1. Conditions first: (1) outside any helix (DSSP H, G or I); (2) under 30 Å from residue 100 (Cβ atoms); (3) in contact with a helix residue (DSSP H, G or I) (Cβ under 7 Å, 6 or more places away or on another chain); (4) at pLDDT 95 or above. Residue 160 passes all but one, so which condition is the exception?
2. Considering segment 215-232 alone, what residues qualify as being in contact with a helix residue (DSSP H, G or I) (Cβ under 9 Å, 6 or more places away or on another chain) and assigned to a helix (DSSP H, G or I)?
3. Identify the single condition in (1) within 14 Å of the chain's Cα centre (by Cα); (2) modelled with pLDDT of 80 or more; (3) over 18 Å from residue 340 (Cβ atoms) that residue 323 does not satisfy, given that it satisfies every other one.
4. Could you list, ordered by first residue, the pairs with Cβ atoms under 7 Å in which the first is in segment 162-190 and under 16 Å from residue 35 (Cβ atoms) and the second is in a helix (DSSP H, G or I), at least 6 apart or interchain?
5. For residue 148, are the conditions met, namely being without any contact (Cβ under 8 Å) to a residue 40 or more places away in the chain, crowded, with 20+ Cβ neighbours inside 10 Å, over 19 Å from residue 33 (Cβ atoms) and touching a helix residue (DSSP H, G or I) at 6+ places or on another chain (Cβ under 9 Å)?
6. Tally up the residues in segment 1-45 that are within 18 Å of residue 234 (Cβ to Cβ), modelled with pLDDT of 85 or more and not in a strand (DSSP E or B), please.
7. Name the residue that is nearest to the chain's Cα centre (by Cα), counting only residues in segment 103-135 that are more than 22 Å from residue 71 (Cβ to Cβ) and surrounded by fewer than 18 Cβ atoms within 10 Å (Cβ to Cβ).
8. Counting only residues that are farther than 25 Å from residue 111 by Cβ and in contact with a strand residue (DSSP E or B) (Cβ under 8 Å, 6 or more places away or on another chain), which one in segment 163-189 is modelled with the highest pLDDT?
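The values are calculated or read from the model by the stated rules, or taken from the named source; none is laboratory data. A quick note: this is a predicted structure, and the numbers were derived from the prediction, not measured. Quick reminder, even Gly has a Cβ in these numbers, built from the backbone with ideal geometry, and neighbours come from all protein chains shown.
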C-alpha cells in the first residue's frame, strides 16, 4: 500500500506531491556486526538458522537494517574527472535476494529493508583524499583512523553523488523502505558530539570545522538525501547538538551548552522535507532519562515533539539501547514508554544475540509482540 507524501525541495522553494512507499513500522533488527572498518557491512538473514539468535526470529519482526560502509559501496575513485564513482551493490543485492526468499515462503510474514550507509571512518579513501582527512583516536575503541572533512564541498559533492546513484537503482525497489542519513557523522550514525571526545573535536577544529559549519552540514545532508529519494523514506538520528569549541580539558556542560534552537531547527528541516523521519539512536529509560519526553535538554524531546502544530503526527523511529534489561525494566517496557509518549511507528531492536542470551522465547513473547502490534496500528 502506497501513501502520498509531500517531498519539499527546500532550497528551490518547490513542493511537489509524489507517491511514496509505506513507512516502515514494527520491529526491525539492526544486525550484529563489528564496528571495525572493513567489517561493518552486514545484516540478519532470516533464512539462516543461527544458534546464537532466537528460534524463528524472522516471524517476530517486520524488517532488517542492512548496515553498509560507504567504502564498500564505492571502493574506487571515478576513472575520469567529472564522473561519478561506480557502485558495488553486492551487499544490497544479497539482502534483497534473502528477503525475497523469505517473503516467498507461504505463511511467512513480509519483511522490509532499511539501509544505513556509514560515512565517517567508513568513507572511501579516495573521498578522504579529495576532501582532506584528520586522524582521530577514540580511546579503547575500533573507530580510530582517518576521518573525512565532511563540512567541505568536495566531501559533500561525493556524498550527494552516492545517493544519486543509490536512488537511481533502488528508489523503485519496494523492499527498501527507508534510507538513513549519516553524511555528517563522526563516530556513529548520529550527529552527537560527545564532551568526552573533545580532543578529537580539537583536531577537527584545527582542520577548519566550526560550530556553524557543523550546523550547516546537519541541515544540508537532510535536504541532499531527501532530494534524491523520491519514493523512499529517509531518516536522520539524534538532534543533539552541543555548541562546541576548542578546549584544553574535558568541557563542562556549560562549556559546550546544548543549542536547543538548533536542535529544533534540525528536526524541523527533516519535517519540512516531507519524506524524512526523525529518530534517536538510544531509547533507554534510566533514572536520568525518566522525563526525557518533557525535558528540553534531552535529544528525545526534540525528536518526538510536534513543532508543526499539535495535530500533526511527527514521523519517528527509535533505536533502543543494546541492553535487554535496564535496571529493573525489560526492553518491552522501554518500547511501551516510547509508544506512550510519541508517535513512534518503528523500533530498531537490540541485537538478536542479546535476545537469545536473555531468553530464546522473549522476542516472540506476548509482552514483546503486543508492543509490535501497537507500533503497526
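1. Result: residue 160 fails condition (1) only.
2. Answer for segment 215-232, where residues must be in contact with a helix residue (DSSP H, G or I) (Cβ under 9 Å, 6 or more places away or on another chain) and assigned to a helix (DSSP H, G or I): 215, 217, 218, 219, 220, 221, 222, 223, 224, 225, 226.
3. That leaves (1) as the condition not met.
4. 185/120; 186/120; 187/120
5. yes
6. 6
7. 110
8. 185
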